[in-house]
1. Working out 0.36 nm times the residue gap between ALA53 and THR131, then minus their Cα-Cα distance, what length gain in nm do you get to one decimal?
2. Using a 4.7 Å Cβ cut-off, which Cys residues in the chain lack a partner cysteine?
3. Once you place label points 7 Å from the Cα toward the Cβ at ALA29 and SER123, how far apart are they in nm?
4. What FRET efficiency do you get for GLN36 and MET96 if R0 is 22 Å and r is their Cβ-Cβ distance, rounded to the nearest 0.05?
5. If one takes the longest principal axis of the Cα atoms in the chain, at what angle in degrees, from 0 to 90 and to the nearest 10, does the Cα axis of helix 129-147 lie?
6. Please quote Rg/Rh for the chain to two decimal places, taking the Kirkwood radius as Rh and restricting both calculations to Cα atoms.
7. Taking only DSSP H segments of four or more residues, each worth -39500 (n - 2.57), what value at 222 nm results for the chain once the sum is divided by all its residues, to the nearest 500 deg cm²/dmol?
8. What is the packing order of peptides 44-51, 118-125, taking the mean over residues of other C-beta atoms within 10 Å and listing the highest first?
Amino acid sequence: MDEQEFLLQIEALTPRLYRICRTILRSEADCQDAAQNAIFLAWRHLPSLKNDALFSRWLIRIAINECRKIHRKRPQTLPLEDHAPAPEDHKQFFEMLHGLDEKFRIPVMLHYGEGYRISDIASILHLPEGTVKRRLHTARKLLKEEWL
């Protein structure tokens, strides 16, 4: 596949590529990053493509891997986007957060507030990673129930 053919294929596949990225990632900026990274990687590794007829499948697989990589690297956010507090409600939200038991509040603040990875939080709190995950899950559930 030469450069001109590559560009034609990319032009045709870009809308599909973006839609696939959008099903995996929520942020439009992350979707654009994943699609651009996939195109860049496809160009860079084009010589490793053995069958040009499989280009679209190959590019989509690269895009999915890029989405997963971005998803793993991005700090997680509380899944309250649809019910996120307005600026005037921030005080109420933080009151709810401080109303959580300390065993839930500290992992939430470390993970979502400070961006620590679960493994780091487990090390800091001397807890197994599974316990940290469970506490984060429970805290999100409690906050969501309280907010709604």
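Laboratory data are not the source of any read-out in this text; all were calculated from the coordinates shown. Quick caveat: nothing in here was measured; it's all calculated off a predicted structure. Because the Cβ atoms are built from the backbone with ideal geometry, glycine has one as well, and the counts that use them run over all protein chains shown.
1. On the way: separation 78, 0.36 × 78 = 28.08 nm, distance 4.74 nm.
Once the chain is fully extended between ALA53 and THR131, it gains 23.3 nm.
2. For the chain, the answer is CYS67, because their Cβ atoms have no other cysteine Cβ under 4.7 Å.
3. Modelled inter-label distance: 2.8 nm.
4. Working: r = 38 Å, r/R0 = 1.74.
Given R0 = 22 Å and the Cβ-Cβ separation, E is 0.05.
5. 70
6. Values: Rg = 20.6 Å, Rh = 18.0 Å.
Rounded to two decimals, Rg/Rh equals 1.14.
7. Details: 7 runs with 102 residues, N = 148.
The helix-only estimate for the chain comes to -22500 deg cm²/dmol at 222 nm.
8. Working: 44-51: 10.0, 118-125: 15.6.
So the order, starting with the most tightly packed, is 118-125, 44-51.
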